[in-house]
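What follows is one structure encoded as structure tokens, with my remarks underneath.
The values are calculated or read from the model by the stated rules, or taken from the named source; none is laboratory data. What you are looking at is a predicted structure, and each value in this text was computed from that prediction instead of being measured. With ideal geometry, Cβ positions are generated from the backbone for all residues, glycine too; neighbour counts draw on all protein chains shown. Ligands, DNA and RNA are excluded from the accessible area calculation, which covers all protein heavy atoms including side chains. Shrake-Rupley method; radii C 1.70, N 1.55, O 1.52, S 1.80 Å.
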Amino acid sequence: MPELSDYRELGKRSAAYKAAEFVETGMTVGLGSGSTVYYAVARLGELASEGLKITCVSTSAATTRLALDCGLDLTGLDEITSIDLTIDGADEIDSNLNGIKGGGGALLFEKIVALFSKKNIWIADSSKLVDVLGKFPLPVEVVPFGYKRVFSILELMKLNPVMREKEEAYYLTDSRNFIIDLHAGKISDPEGLDREIKLISGVVETGIFFNIADSAVIADGDAVTILDKH
Ligand code: 5RP
């Protein structure tokens, strides 16, 4: 359980609890990943113990473990035909509700689940709001086979790639792929950059989430604002 005395933690929890209010009995709910989603999963677990009946789809091994610990029912993506609502975090969110995700490395499953969802709500503390995406390094998931070639192309594109590492080895996603973090600077055309990067063979997915979120629940401490896509 994170230390709630931290103002940002309070923001994360406030946003997560507000988003949980949109969940109703009978829904299939996508569960994102990360430290903000932690609070949403914990809250949904509490609500489930009080009678809320939902079926959840997880986006990462970590969220699966947490959801099971919280007593939530899980199903696989291929067992269902759609997801009613997905609640997920983000690393950066702009005023058009486009975002960068994947700081926690779960971008691939998060994007698949998001695209399967009728509604996507992002939850974040207010530090995640930006005018232009790109201060946060943009994660790109790549297959290990031939990753150096992909890395070189990203260098030629002047996107300043850096291999993500963990414990002195390359970081591995749940799909056992690598992550290359791009220090690209301001991203003025997120849709175009996403398309361009995905044209490189070996790239599985990027952390640019363009036109995916329907709403963002943003909290500054316990003051919550809901932004809707216009
Ligand atoms: C994981 C993600 C997370 O949603 C994102 O990194 C935000 O995480 P946190 O809530 O811990 O700041 O995209 O792949």
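Values for this structure:
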item	result
Dipole magnitude of the chain about its Cα centre (Cβ charges: Lys, Arg +1; Asp, Glu -1), debye to nearest 20	500
Probe 1.4 Å - accessible area at Ile197, Å² to nearest ten	0
Solvent-accessible heavy-atom area per residue, rounded to whole Å², over the chain at 1.4 Å	48
Under Karplus coefficients 6.51, -1.76 and 1.60, residue-wise ³J(HN,Hα) of the stretch 115-132 in Hz, glycine/proline x	6, 8, 9, 5, 9, 10, 10, 9, 10, 6, 7, 5, 5, 7, 6, 9, 6, 10
Whole-Hz couplings from phi, Karplus 6.51/-1.76/1.60, listed for the stretch 144-158; x for Gly and Pro	x, 5, x, 5, 5, 5, 4, 4, 5, 5, 5, 5, 4, 7, 6
Trypsin sites (Lys or Arg not before Pro) within the stretch 42-85: DSSP coil, no more than 11 neighbouring Cβ in 10 Å	Lys53
GNM result for the chain, Cα springs below 10 Å: residue of Ala61, Ala106, Ala169 fluctuating most strongly	Ala169
Net charge of neighbours whose Cβ lies under 13 Å from the Cβ of Asp220, counting Lys and Arg as +1 and Asp and Glu as -1	+2
Proximal lysines relative to Lys148, as straight alpha-carbon distance under 30 Å, when same-chain residues fewer than 8 apart are discounted	Lys101, Lys111, Lys135, Lys158, Lys166, Lys186, Lys198
Computed over the stretch 1-85: relative contact order in percent, which uses C-alpha pairs under 8 Å that are six or more apart	31
Mean Cα-pair separation over length for the stretch 138-206, i.e. relative contact order, pairs under 8 Å, 6 or more apart, %	47
Relative contact order %, the chain, counting alpha carbon pairs below 8 Å whose residues are six or more apart	24
Ellipsoid semi-axes in whole angstrom, largest first, where each is sqrt(5λ) of the Cα gyration tensor of the chain	29, 19, 16
